[in-house]
Amino acid sequence: MAEATLEMRRHSAAHLMARAVQNVFEDVQVDIGPATDEGFYYDFDLPHRLSPEDFPKIEAEIARLIALDEPFVRKVVSRDECAKMLAGQKYKLERLGDIPEGEDISTYAVGDYVEMCRGPHVSHSKEIGVVKLTRVAGSYYRGDEKNKMLQRIYGIVAKDQAELDEIVARAEEAKKRDHRRLGVELDLFHLDPEDPGQIFWHPRGWSIYITLQDYMRRKLVKDGYQEVNTPAIMPRSLWERSGHWAHYQQNMFITESEKRLFAVKPMNCPGAIEIFKSRTRSYKDLPLRLAEFGHCARNEPSGTLHGIMRVRGFVQDDAHILCTEDQIEAEVAKFCRLLKDVYSDFGFDRNLLVKLSTMPEDHVGDVATWQHAEAALASACNAAGMDYEIQPGEGAFYGPKLEFTLVDALARQWQCGTIQLDYQLPSAERLNAEYIGPDGKKHHPVMLHRAVLGSLERFIGILIEHYAGAFPLWLAPEQVRVLPVSDKALGYANKVAAALADAGFRVEVDSSAEKLGAKIRLATVEKVPYQLVVGPRDEAAGQVSARSRADGDLGAMALAAFVERLAGELKA
């Protein structure tokens, strides 16, 4: 038996927690309990109001169940058999109704507890390790605020107590770095409960946003991309031809005008195809790399929204490469190099995880084409010097894909970049993109959907937590703050700030009536990379007294020397 993965241990712990809660309390209805990036959770409906005071007795019961070392047993059953197993569990029975008629159902049992579940799980409960419950929160059933509020318990797992202590310490640090808290403290953005899933960017936050976007633009131009922009609202007819109307309509915002239906775009790919089709294309035009910072809107359930990391309105650093079969490998390798270069600039160049998702059971196209595409993706990874892990059967229905996962300062994993091979959207059956080949005949291009950062909003949330709000100089919304020691030095402070602004730096002057010590403390709390203290003596000498967030007091220096220091840091 292969060693249990962390995800398997987390998922199995969720099952045992549900069993433990049922053992400890009466009249417990259970809903779902998946593994997450941090641990696991489970949703419950019961008369007792759960609180952290209940955790010790639940944890004790979980520990007892783990010590029994019972096997997790998978069994495929019919709908009727499953309904008998889940008798009395109304939420489970309702979810059973979501499964298509006639389809077999996978279940897992551990002791007397049975779950409808695809798995996989550990072979025996002792493989889970040590479990700690972390918090309890409300969660609407199916993420819909019209439904009943359930009680969600979160937990974490570790192999032993020492590892658990490390995880708990990281969790405490994660609370301090929570982007929702820092976003308010650093005046970056706010979220309005009356407008869920939409972000109100404040000047400082928007500075980070446009700096990030401009950085990506420079990278894309250098890598041979052409930037385009497509309409935010497109007609139903286009979404029907692309397949989104049939498969994605529940996540689309739909509007009507002049008795026609339109949808706010949830993704940018059909627009890229329409641009490709706007003129006759030759094989000599390929590969055509079309980049778009396209604003998308997805009707996500309000219960699933999370700060700026999961929202309804967002912008992707999206691009679509239309190419020939023979160009796939080179284009994917080129993208991998771009992605590595970008991630390195953010300090994510170590421990980059790459997964190759292969042909699922429900797929379109012949097996030979899939094998060719998968081999091309694998070869491109090798050419870019990137190791990868196979995810069997996890590709999209239209083609395989590569997924790129970052590891942040707290060892948390974030899946951001992706490149997907698509034979469907350009096909005659869908949007019918064509080019004239060297044989003079019409052919359909292959489409590569790719993103480096993914959602800019989510990536900024990741950066806030990764840097704990202390952004590197090039990305910081305020790079330098000038602190006059008194009103007499305010004129010189403004001259220093103007000189720095002319040199291209983002600078502000603290002209408040606060004492110097208070000004320094505020700039430190707001994580400004550099502070310049100036007084009459500094003006007379034509210098500044510099303080660095990273290196502390730098002493007095000429303004030109300070500018040179900043320029060198930005270049590095």
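Observations on the model:
- When the criteria are applied in full, Val507 fails the requirement of being surrounded by 14 or more Cβ atoms within 10 Å (Cβ to Cβ), among the hydrophobic types (A, V, I, L, M, F, W, C) and farther than 17 Å from Glu564 by Cβ.
- Top-ranked residue in segment 373-395 [being of a type in the set (Gly, Ala, Ser) and surrounded by fewer than 13 Cβ atoms within 10 Å (Cβ to Cβ); ranked as nearest to Val354 (Cα to Cα)]: Gly385
- Candidate set from segment 423-449 (those that are assigned to a strand (DSSP E or B) and crowded, with 20+ Cβ neighbours inside 10 Å); member that is farthest from the chain's Cα centre (by Cα): Tyr435
- Subset of segment 113-172 [within 26 Å of the chain's Cα centre (by Cα), of a type in the set (Lys, Arg) and under 17 Å from Ala14 (Cα atoms)]: Arg118, Lys132, Arg135, Arg152
- Set side by side, the residues Gly271, Gly243, Gly224 differ, and just one is closer than 19 Å to Gly454 by Cβ and small (Gly, Ala, Ser), which is Gly271.
- Residues that are touching a helix residue (DSSP H, G or I) at 6+ places or on another chain (Cβ under 8 Å) and of a type in the set (Asp, Glu) within segment 148-180 comprise just one, Asp178.
- Residues that are in a helix (DSSP H, G or I) and within 30 Å of Leu410 (Cβ to Cβ), drawn from segment 451-505: Leu456, Glu457, Arg458, Phe459, Ile460, Gly461, Ile462, Leu463, Ile464, Glu465, His466, Tyr467
- The set of residues in segment 24-56 that are more than 16 Å from Ser139 (Cβ to Cβ) and surrounded by fewer than 17 Cβ atoms within 10 Å (Cβ to Cβ) comprises Val24, Phe25, Glu26, Asp27, Asp37, Pro47, His48, Pro52, Glu53, Pro56.
- Count of residues meeting criterion [within 18 Å of the chain's Cα centre (by Cα) and without any contact (Cβ under 8 Å) to a residue 12 or more places away in the chain] in segment 375-421: 0
- Residue within segment 227-236 that is more than 17 Å from His295 (Cα to Cα) and either polar (S, T, N, Q) or touching a residue at least 60 places away in the same chain (Cβ under 8 Å) (or both) present: no
- Failed item, numbered, when Ala4 is tested on (1) under 19 Å from Tyr154 (Cα atoms); (2) modelled with pLDDT under 95: (1)
- Any chance Gly155 is closer than 30 Å to Lys527 by Cβ and either assigned to a helix (DSSP H, G or I) or touching a residue at least 24 places away in the same chain (Cβ under 8 Å) (or both): no
- Of everything listed in (1) surrounded by 13 or more Cβ atoms within 10 Å (Cβ to Cβ); (2) among the basic types (Lys, Arg); (3) in contact (Cβ under 8 Å) with a residue 60 or more places away in the chain, the single unmet condition for Lys90 is (1).
The values are calculated or read from the model by the stated rules, or taken from the named source; none is laboratory data. The structure presented is a predicted model; accordingly, all values stated were derived computationally and were not measured. Note that we place each Cβ from the backbone using ideal geometry, even for glycine, and neighbour counts take in every protein chain shown.
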